[in-house]
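Reviewing the structure listed below.
The values are calculated or read from the model by the stated rules, or taken from the named source; none is laboratory data. Quick caveat: nothing in here was measured; it's all calculated off a predicted structure. Virtual Cβ from ideal backbone geometry, glycine too; neighbours counted across all protein chains shown. The accessibility values were calculated without ligands, DNA or RNA, using every heavy atom of the protein model including side chains. Shrake-Rupley method; radii C 1.70, N 1.55, O 1.52, S 1.80 Å.
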Amino acid sequence: MSSTTIPTTQKALLLPSKGGALSIEPFPVPTLGSGEVLVRLAAAALNPIDVAMQMFGLFIEVFPAVIGCDGAGEIVAIGEGVEGFSAGDRVAVQGTIDMMKKEIHGTYAQYVATPAKFLIKLPDSVSFDAGATMPCTLPTAALVLYNKDENVTGPRLDAPWTPGGRGKYAGKAAVVLGGSSSVGQYAIQFARLSGFSPIVATASPAHAAHLTALGATHVLDRALPAADLEAAARALAPAAGFALAFDAVSLPETLPLGYALAADGADLVVVSPPGTLGEGERKTVKVHMARGLLAIPTNAAVVEELLGALPGMLAAGDVKPNPVEVLEGGLAGVPGGLERVKMKQVSGVKLVVHPQATA
Ligand SMILES: NC(=O)c1ccc[n+]([C@@H]2O[C@H](COP(=O)([O-])OP(=O)(O)OC[C@H]3O[C@@H](n4cnc5c(N)ncnc54)[C@H](OP(=O)(O)O)[C@@H]3O)[C@@H](O)[C@H]2O)c1
């Protein structure tokens, strides 16, 4: 392992047990395994899944745990066998969940060790704060659309980074429910890159201009009664209806709407297990579960493609990270931020903390 000056101990936000209180404690800086790099985290972003991990220990049996799924910073050490990355590279990182060991190596810390093959290289134009908005939710939006692994279902679209993929689905309509969510903002952008038009999004009206800039052709007020929302969306669709419905929030109130709006034979993407989708379920709507974890074996091929293409797409401005709200106090800002996530008081932005600013 080659390295610059790295402390042996860092400050990390530890979860002591399922449902326990998060607290900042000294914690060893991880040593590197083969194929891993050490990243000094400048930014970490908050996600709804963190709440489930903290409250119910979702996916975790090993405690104390450093949770956190999103981070960005600078590589400070390179492990054995790593190629294509150097100390000083600016990267975004997804926290690693080991589903076998039920263990997480998360980003609510000052340093994280992570497999190099899952890094997003950040162009200079993308700040660490902006970079930290991507690792969890951007792949959740993109992988399901373009994954062609034979063991998963999905729309199996030709990706916009492949020859002929960009704009390929021109003339087909998409609807993105929860367009202002972090996942939704990325779903709108990939729908745009794939050529879908119109792209109808639901969100609070305050986000209409931003979502239009990302590629939505119409933004409907998500507070409208369900029947009115459905009628308004249908009125914007071509005769063939919506070929793609992407439910980026997959809530009890949105799931039946996505199902109703998807045309016969169309694809409906959900981000949480959908349960019952509504009266008179039509078997012809193909329902697909988005899976944003980079380490899932069935994501391997499309992850490699996406992470290879993304730096260029970011540099060109083809994909824009989410707007951020930075919380004060370094890692001490996380518990209050997660309370806001839990209470659904986050709207159109990603909450971000600066781990190095932890007192
Ligand atoms: N399957 C996976 O691998 C995976 C990975 C990541 C995330 N997820 C899941 O994806 C979902 C979204 O995550 P996120 O981080 O993108 O969430 P988020 O940004 O925290 O979501 C907040 C947004 O939800 C919108 N919203 C709330 N209720 C809505 C409704 N009824 N209709 C339309 N929009 C509504 C709000 O819109 P307004 O402010 O405009 O009102 C707000 O902007 C979560 O359930 C998360 O657990 C799944």
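Figures for the structure shown
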| read-out | value |
| --- | --- |
| Top of 205, 225, 155 by mean-square fluctuation, Gaussian network on the chain, Cα under 10 Å | 225 |
| Residue pairs, from the table 117/172; 121/344; 148/172; 172/342, whose Cα atoms sit over 29 Å apart | 117/172; 121/344; 172/342 |
| Relative contact order (%) - the range 138-289, alpha-carbon pairs under 8 angstrom, separation at least six | 21 |
| Helical mean residue ellipticity (222 nm; -39500 (n - 2.57) per DSSP H run of 4+; nearest 500) of the chain | -7000 deg cm²/dmol |
| Built amide H within the under 5 Å cut-off of residue 24, gap 5+ | 14 |
| Highest-fluctuation residue, 304, 83, 25 considered, GNM on the chain with Cα pairs under 10 Å | 83 |
| Cut-off under 5 Å, modelled amide H: who pairs with residue 246 long-range | 175, 176, 177, 269 |
| From the C-alpha gyration tensor of the chain, square roots of 5λ in Å | 35, 22, 18 |
| Accessible surface of the chain [probe 1.4 Å, protein heavy atoms]: carbon and sulfur percent | 56 |
| Label-point gap, in nm, between residue 341 and residue 230 - each point 7 angstrom along Cα→Cβ | 3.2 |
| Karplus (6.51, -1.76, 1.60) ³J(HN,Hα), θ = phi - 60°, over the range 140-155, in Hz, Gly and Pro reported as x | 4, 6, 7, 4, 5, 6, 10, 5, 10, 4, 5, 9, 10, 9, x, x |
| Gain on full stretching of the segment that runs from residue 166 to residue 100 - 0.36 nm per residue minus C-alpha separation | 20.0 nm |
| Net dipole in debye of the chain [+1 Lys, Arg Cβ; -1 Asp, Glu Cβ; about Cα centre; nearest 20] | 360 |
| Sparsely packed trypsin sites (Lys or Arg not before Pro) within the range 254-359, loop by DSSP, other Cβ within 10 Å at most 10 | 283, 344 |
| Accessible area of the chain divided out per residue, in Å², using a probe of 1.4 angstrom | 41 |
| Of 29, 82, 249, the one that fluctuates the most in a GNM where the chain has Cα springs shorter than 10 Å | 82 |
| Qualifying trypsin sites (Lys or Arg not before Pro) in the range 22-108, DSSP loop, other Cβ atoms within 10 Å at most 12 | 101 |
| The chain: relative contact order as a whole-number percent, Cα under 8 Å and 6+ apart | 18 |
| Rounded to 5, percent antiparallel among DSSP beta bridges of the chain | 60 |
| Degrees separating the helix 226-236 axis from the principal Cα axis of the chain, which is the longest one | 70 |
| Separation of the residue 17 and residue 251 label points, Cα + 7 Å toward Cβ, nm | 3.4 |
| Amide H within-cut-off set for residue 36, under 5 Å, with H built and near neighbours excluded | 79, 80, 116 |
| Residue-span extension gain [residue 56 to residue 326] - 0.36 nm each, minus C-alpha spacing | 94.6 nm |
| Approximate spin-label separation residue 34-residue 87, in nm, with each point projected 7 Å along Cα-to-Cβ | 2.3 |
| Relative packing of 54-60, 138-144, 265-271, which averages over residues the other C-beta atoms within 10 Å, highest first | 138-144, 265-271, 54-60 |
